1. For the chain, with only Lys/Arg (+1) and Asp/Glu (-1) charged at the beta-carbon, what is the dipole magnitude about the Cα centre, in debye rounded to 20?
2. Of 231, 157, 198, whose Cα points farthest to the positive end of the dipole of the chain (charges on the beta-carbon: +1 Lys, Arg; -1 Asp, Glu; origin at the Cα centre)?
3. Please express the shape of the chain as an equivalent ellipsoid: the semi-axes are the square roots of 5 times the eigenvalues of the C-alpha gyration tensor, given largest first in whole angstrom.
4. Relative to the first principal axis of the alpha-carbon coordinates of the chain, what is the inclination of helix 118-133, with its axis defined by its Cα atoms, in degrees from 0 to 90 and to the nearest 10?
5. Report relative contact order for the chain in percent, whole number only (criteria: Cα-Cα under 8 Å, sequence separation at least 6).
6. What's the longest uninterrupted piece of the chain once you rule out the trypsin sites (Lys or Arg not before Pro) that are loop residues per DSSP with at most 12 other Cβ within 10 Å?
7. What is the set of long-range amide H partners of residue 251 at a cut-off below 5 Å, with H atoms built 1.01 Å from backbone N?
8. Could you work out the longest stretch of the chain that avoids the GluC sites (Glu not before Pro) located in DSSP loops with at most 16 other Cβ atoms within 10 Å?
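The values are calculated or read from the model by the stated rules, or taken from the named source; none is laboratory data. Fair warning: this is a prediction, and the values are worked out from it, not measured in the lab. Methodologically, a virtual Cβ is constructed for each residue, glycine included, from the backbone with ideal geometry; neighbour enumeration extends over all protein chains shown. Quick note on the areas: whole protein, heavy atoms, side chains included, nothing else; ligands and nucleic acids left out. Shrake-Rupley method; radii C 1.70, N 1.55, O 1.52, S 1.80 Å.
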Amino acid sequence: MDLLTGKVVLVSGIGPGLGRSIALRSAAAGADVVLAARTESRLAEVAAEVEALGRRAVSVPADITDDASATKLVETALSEFGRLDTLVNNAFAIPPITDLAEVDLDAVRAGFETNVLAALRLTRLCTSALAESAGSVVMINSAVLRHSRRTFGAYKMAKASLLALAQSLASELGPQGIRVNSVAPGYIWADSLKWYFGYLAKERGVPAEQVYAETAETIDLRRLPEPDEIADTVVFLASALARCVTGQCLDVNAGEYHH
C-alpha cells in the first residue's frame, strides 16, 4: 500500500496503543513519520518499528500544551524533512469521569488544554507547511460524541469542542487547500481495554472472554475495533483517496453507534 508515498506525517500522543498504530500504518503506506510524546522511551520504541518498515522516523519529546515545546516540535519536523503533509492530533488527557454537578472545574480546564487547545496550537503552527503541501489535519475524537451517559460529561464536553474546532478549521483552512477531518473510535481493543475487561471479569468471577463477548453482542459486527483498523481510517483521510473530504467526522466503531 503506497497511499502516502513521499509524504510526511506528524503524530502527537505516541503511546503503545492508537498512536503507535497510526505511526506504523502511515509508514506502511509509505510515509516518513514525526513522532511526538512526553515519554521519550515510547518514542524510541515506535521509531525503531517505523525504521524496520523502511521509513524514516524523527522522535521529538514534546509537551504540546507548552508554546515553546510545540514550536520546537514543528521546527524540528520541518528542518528534518523540509515538508509536512499531515498532522494527526492524537494526544489525549482523560478528563474527570464524574458527574458535571460535582466535577472539579480546574480538572476540566486541564483536560481542555491537552484535548482541545493543544490541537489548535499544533494546527496553527503547522498551517503554513500544510498549505504548501495541500495537506491535511486529522483529529482523533471519540464515540463519546454519540451518547450522554452519566459521568462522561466532561469527556463529552472536550470531544464535542474538538469536533467543533475541526469543523471550524475546515472552513477557515479550506481556501488554502488544507483538509481537516475527524475520526471517532468506539472501543479500541488494545492493552488498556484488555486490562479493564480482565478487571471486570475478575470482579464478576467470569472469564475475560465472556466480558468481551457480552460487549461485542451489542455491536453490529459482533467485535471490537482494533488499533490498526482505526489507524487505517486515518491513513485514508490523509491520502489522495479523501482529497475532496473535509469537515467530516468518520466513526470507526464496528456499528456500535450509527451517525
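1. 320
2. Selected residue: 157.
3. Ellipsoid semi-axes (Å, largest first): 29, 21, 18.
4. With both axes taken from Cα atoms, the answer is about 40 degrees.
5. About 19 percent, as a whole number.
6. 1-148
7. Amide H neighbours of residue 251: 184.
8. Segment 103-216 is the longest.
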